[in-house]
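Notes follow once the structure below has been shown.
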Amino acid sequence: MPDTPLNKVCYVEDDEDIQRIVRMSLERIGKMQVEIVADPTAAIDAILAFQPDLVLLDWMMPILDGPALFRRMRERPELRSLPVVFITAKASQRELDELRKMGAAGVLSKPFSPKDLPEQLRTIWRALA
Amino acid sequence: MIPSSAAPSPAVPARGADARDSADPRRVLADRVEQLYSQMPLGIVATLAIGGIATYELWDQRTRELVLFWWGLVLLIAAARAALYLGYRSSKDKLAEAGQWLRWLGISALANGVNWGFAGAVFFPSHTDEQQVFLAFLLAGIASAGIPTYAASWPMFAIYAGAIVLPFTYVLATFGNRLFSEIALLVPLFYLTNVGIAYRLNQVFYSGYRLRHAYNRLTKDYSALNTQLEQQIEDLLEARQEVEASGRKLALFAERAPISVIELDPNSTILEMNPAAEHMLGYPAFELIGRSALHSLFPPDENTLTPAWWAGFVADKAPVARVRARCLRRDGLEISCEFTLTPLVNDTGDLLSIIVQCQDITQQLEAERLKKEFTSTLSHELRTPLTSIIGALQLIESGATGEVNGEIAELVSVAARNAQRLLDLINDILDIDKIESGKFTLAPEDLALDELVRESLILNKSFAERFNVGLQVRGELGAALVHADRKRLMQVLTNLLSNAAKFSPVQSTVEVRMQQASGTVRVEVSDRGPGIPENFRDRMFMRFAQADSTVTRQKGGTGLGLAISKRLVEMMGGRIGFEDRDGGGSTFYFELPLRRLTLAATK
């Protein structure tokens, strides 16, 4: 997949404002197709339906947080190879190392720059090739 | 009994010498001499009296001159003996000169004896039968009187009595009378018997002296021991008073101490506790003393201070500090405590008791928890809305939502700038909190400092342009490899560059220079700003240190940048500082140890 350009991104995030900004950033500046999922418990179904190239996960979410959702995704054979990038406001070095060990493709910190976000994701995407 | 005790001082030698030898021969001799001399006055008086009577009895016309001559000898010898006696009495060192005095006494005894012997030899043949009987009795009595007089020295008696008896025996033997010849045979026997008795008496005297010396020594030892014992008792009393005083001091320390102090025996039985411990645990001391601390003070599910832990501690006998465990108060309330345990071990390594100091840290832990929670909230809850605000403003500024012009664009940029400032402040506070709580970790790597400096100039160019200030490298940036955290070193460079830009006059240039010297590399950032006020210099790297708060409002900045930079540079093994710049302005610099002298060689 990484040999094709990054096109479809699924973003799991509970904060509506940030959802809107990420959508606008990726769609308007990045010219990508974006699917936003507000409820992390419904994320796996949505991902299976949307078939994204890459999943962007918020870390702090109610009920099911990013790392837990990530673990669930890894349990599904059809999602095992799907690249996952975390976006987080509370990244200690230890937690970042832990995520990378779990197989996260990348970690972006909040606040991010919507101007640069599409390019950051594409850089990660190209690195997977 | 005797004279030596009457004049003891010269006869008493040093205690040590006495202790080494129970009967020092010199002292025995001195005592004997003393004994012999003590008999002298009586002897002189008796000699004069008996001599007088003899002179009277033997007086007749024929031998008048001879008797007078003899009487003169008696007086002369008596006078000499009296002089000798007085000489001895006034002697300063009777102990050292005892031998000398004994010899003189021997000579005087010999003279005395010879004089009586002379009387026997000269007057016996020339006088009547009655006078001869008188003389025989006189000589026998005089000789016998020598036994007690010279009891302390039998040879002296032998000389004395011999001098009397020998001439007399000779006279008797050569008298030509059978009876006298027979008596002449008896006299030596009589003499020898007397010498034998004197010898025996002498032995008795000797043992008497020895006993006396031994007794004296014992008495002296005893009194020395007594003195020692008294001193020891005094010392003990003093020591006891000191111990009692320090005991009272200690008790006072414990009683007034704000932290709990509990003494336990090796089985964790509570021996003593201070009022602070009573207060902390809610028990009066008498309820807890005698009970096991392990079973009485901790909740059943406490898993730090367990019996197994205690067994290990008692076996190690090593002090333990800052053990945290939960305690159960009498009222059932659980508190968090921090313990310091100090075992009291005696010289032979036995554990006597354990002093436990304990502090209720429930509130402290709660404060720590709240602070952590606050930090985490600051980190997440403040950043989340800022993410939206900054994101939204950036999207507008980027033109993704259409063109914005004029005052709207200006206002959006004001909002974006201040949102960014707020974010910087939060990040700085979090950084300083992490650094100060020791949770800050660096990810050091080998990196080319010259490249990092160039990169920092590019990254901060637009920021400087906002103040209409240029950034420029001065001189050559030599290749320099350092071992440092790239992101954090960039943070330091950004801080120095943005500070310099903020304080530079419009249209001026901030200059960056790199220098290498003896294993370190130095990066300098120089501006033409107003310089550092004198009264601010020592607070330069403190938190929220800003010389002029109006600058903050005008130009932004959190007041934490330099404080963080200083800590970061120091964590990377370097140092940071500033100095005045020639021609006005300041130079801020940091130095880092070089990884290798030049990178060029490895390229």
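The values are calculated or read from the model by the stated rules, or taken from the named source; none is laboratory data. Please read all numbers here as calculations on a predicted model, not as lab measurements. Methodologically, a virtual Cβ is constructed for each residue, glycine included, from the backbone with ideal geometry; neighbour enumeration extends over all protein chains shown.
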ask   = Can you find a residue in the range B:379-386 that is over 19 Å from B:ALA276 (Cβ atoms), of a type in the set (A, V, I, L, M) and in contact with a Ser or Thr (Cβ under 8 Å, 6 or more places away or on another chain)?
value = no
query = Say we look at the range B:403-428 and pick out the residues that are under 60 Å from the mean Cα position of the chain (by Cα) and not hydrophobic (A, V, I, L, M, F, W, C); which of these is farthest from the other protein chains (Cβ to nearest Cβ)?
reply = B:ASP428
key: Residue match in the range B:452-470 (condition: within 17 Å of B:THR520 (Cβ to Cβ), part of a helix (DSSP H, G or I), at pLDDT 90 or above and away from chain A (no Cβ under 14 Å))   = yes
message = Quick check on my filter: what residues within the range B:270-304 are crowded, with 17+ Cβ neighbours inside 10 Å and within 21 Å of B:VAL345 (Cα to Cα)?
response = B:ILE270, B:MET273, B:ALA293, B:LEU294
ask   = among the aromatic types (Phe, Trp, Tyr), within 13 Å of chain B (Cβ to nearest Cβ) and out of contact with any Phe, Trp or Tyr (no Cβ under 6 Å at 6 or more places or on another chain), is that true of A:PHE112?
value = yes
query = When you go through A:VAL55, A:VAL34, A:VAL85 one by one, which is the residue that is outside any helix (DSSP H, G or I), modelled with pLDDT of 90 or more, under 13 Å from the mean Cα position of the chain (by Cα) and within 14 Å of another protein chain (Cβ to nearest Cβ)?
reply = A:VAL34
ask   = Restricting to the range A:1-28, what's the tally of residues that are at the interface with chain B (Cβ under 10 Å from one of its Cβ atoms), assigned to a helix (DSSP H, G or I) and surrounded by fewer than 19 Cβ atoms within 10 Å (Cβ to Cβ)?
value = 5
remark   = Flagged in the range B:365-386 as out of contact with any Pro (no Cβ under 7 Å at 6 or more places or on another chain) and touching a residue at least 24 places away in the same chain (Cβ under 8 Å), in numbering order, are B:LEU365, B:THR375, B:LEU378, B:SER379, B:LEU382
key: Where a residue in the range B:387-402 is at the interface with chain A (Cβ under 7 Å from one of its Cβ atoms) and free of Cβ contacts under 8 Å to residues at least 24 places away in the same chain and its partner, wherever it lies, is crowded, with 20+ Cβ neighbours inside 10 Å and not aliphatic (A, V, I, L, M), with Cβ under 6 Å and at least six apart   = B:THR387/A:LYS110; B:THR387/A:PRO111; B:GLY391/A:PRO114; B:GLN394/A:PRO114; B:LEU395/A:PRO114
query = In the range A:89-109, which residue that is in contact with a strand residue (DSSP E or B) (Cβ under 7 Å, 6 or more places away or on another chain) and more than 13 Å from every other protein chain (Cβ to nearest Cβ) is modelled with the lowest pLDDT?
reply = A:LEU99
query = touching a helix residue (DSSP H, G or I) at 6+ places or on another chain (Cβ under 8 Å) and more than 30 Å from B:LYS371 (Cα to Cα), is that true of B:THR401?
reply = yes
